[in-house]
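What follows is a short report on a single structure.
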Ligand SMILES: [Zn+2]
Ligand SMILES: [Zn+2]
């Protein structure tokens, strides 16, 4: 460095004011900046509100809610707690209704769904699990992301570990009601979409309301039900708390309890798969369990499997540590 350039450095350090524009109207400039920042946000919110008010009617919200609850419970109470894990017993008509409602969620034919899920419990987070975020992926954040993507959605495209129907669900293959609903899956899938269309028409009273009912009660409902279900397979084997010492990575994820109708108490579920209740404590919100209790109270289901608290305590992490 030359002497001259050293001098320039010293001069700059000694007099920083030369570099900075003097502030003459700071308050005014701040107000202008605030207005320029806030006005576009307000405009965007106004446009959003306008679009929302024009496009989304209360009939759409109602159709979405009815279809979400019906098909969601079809999966949680029907496909999962009843047909996969036999956590209660019921009559043939209600078995048919549950299998049909679950099919309308469009997560595949009932027997395939059950076979995959029973295989998941058989090999949880080991080689052979159809959708583990922990198997077959390298370490680090790249491996974690790849594992989560596979467990969430990727496994549906990769058919290497699907559960064999005759091996994992022979009881359902033999069941005439369930195998009929399985064979006619497409009918129930389309029936769910037709129901959304019909409900939109009945509530909104116009063809336009029927079409937006189909959009919200069909398309948007499918999207949300699917991704909440997928999140049980991905997020609930990755994030959350572990109360029970299970040989897998299952976890309880509080914030997902309401949208998943109680399925996100997934560590509880892997600890006691046949329990009709996944929320095991008073505060563990489990809407599916409330439905099963209500059906039990009116005599529509019976033989509801409950896990005694002493058995729960024996399996709790604190007890085994
Ligand atoms: Zn699991
Ligand atoms: Zn299960």
ask   = Out of curiosity, is residue 228 part of a helix (DSSP H, G or I), surrounded by fewer than 22 Cβ atoms within 10 Å (Cβ to Cβ), within 16 Å of ligand 1 (Cβ to nearest atom) and under 18 Å from the mean Cα position of the chain (by Cα)?
value = yes
query = In the set 76, 37, 27, which member is under 25 Å from the mean Cα position of the chain (by Cα) and in a helix (DSSP H, G or I)?
reply = 76
note = Expected single match for within 16 Å of ligand 1 (Cβ to nearest atom), more than 26 Å from residue 104 (Cβ to Cβ) and surrounded by 12 or more Cβ atoms within 10 Å (Cβ to Cβ) among 126, 162 is 126
note = A careful count of residues in segment 218-247 that are in contact (Cβ under 8 Å) with a residue 40 or more places away in the chain and within 22 Å of residue 126 (Cβ to Cβ) gives 14
query = Does any residue of segment 262-270 turn out to be more than 13 Å from ligand 1 (Cβ to nearest atom) and surrounded by fewer than 24 Cβ atoms within 10 Å (Cβ to Cβ)?
reply = no
request  = Please work out which residue is farthest from ligand 2 (Cβ to nearest atom), limiting yourself to segment 113-142 and to residues that are assigned to a loop (DSSP other than H, G, I, E, B), under 20 Å from the mean Cα position of the chain (by Cα) and over 12 Å from residue 155 (Cα atoms).
outcome  = 134
task = Give me the pairs, please: first residue somewhere in segment 267-281 and over 14 Å from residue 251 (Cβ atoms) and touching a residue at least 24 places away in the same chain (Cβ under 8 Å), second residue anywhere and within 10 Å of ligand 2 (Cβ to nearest atom) and in a loop (DSSP other than H, G, I, E, B), beta-carbon distance under 6 Å, and either six or more positions apart or on two chains.
result = 273/85; 274/85; 274/87; 276/87
query = Which is within 30 Å of residue 217 (Cβ to Cβ) and more than 13 Å from ligand 1 (Cβ to nearest atom), of 141, 155, 113?
reply = 113
inquiry  = So in segment 199-210, with the set limited to residues that are part of a helix (DSSP H, G or I) and surrounded by fewer than 17 Cβ atoms within 10 Å (Cβ to Cβ), which one is nearest to ligand 2 (Cβ to nearest atom)?
reply    = 202
message = Need the failing condition index for residue 71 against (1) within 16 Å of ligand 2 (Cβ to nearest atom); (2) in contact (Cβ under 8 Å) with a residue 40 or more places away in the chain, just the number.
response = (1)
ask   = Among the numbered criteria (1) over 29 Å from residue 90 (Cα atoms); (2) buried (at least 19 other Cβ atoms within 10 Å of the Cβ); (3) away from ligand 1 (no atom under 16 Å from the Cβ), which single criterion is violated by residue 251?
value = (3)
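All of the numbers you see were taken from the coordinates with simple rules; none came from a lab. The structure presented is a predicted model; accordingly, all values stated were derived computationally and were not measured. No Cβ is skipped: glycine too gets one built from the backbone with ideal geometry, and neighbour counts run over all protein chains shown.
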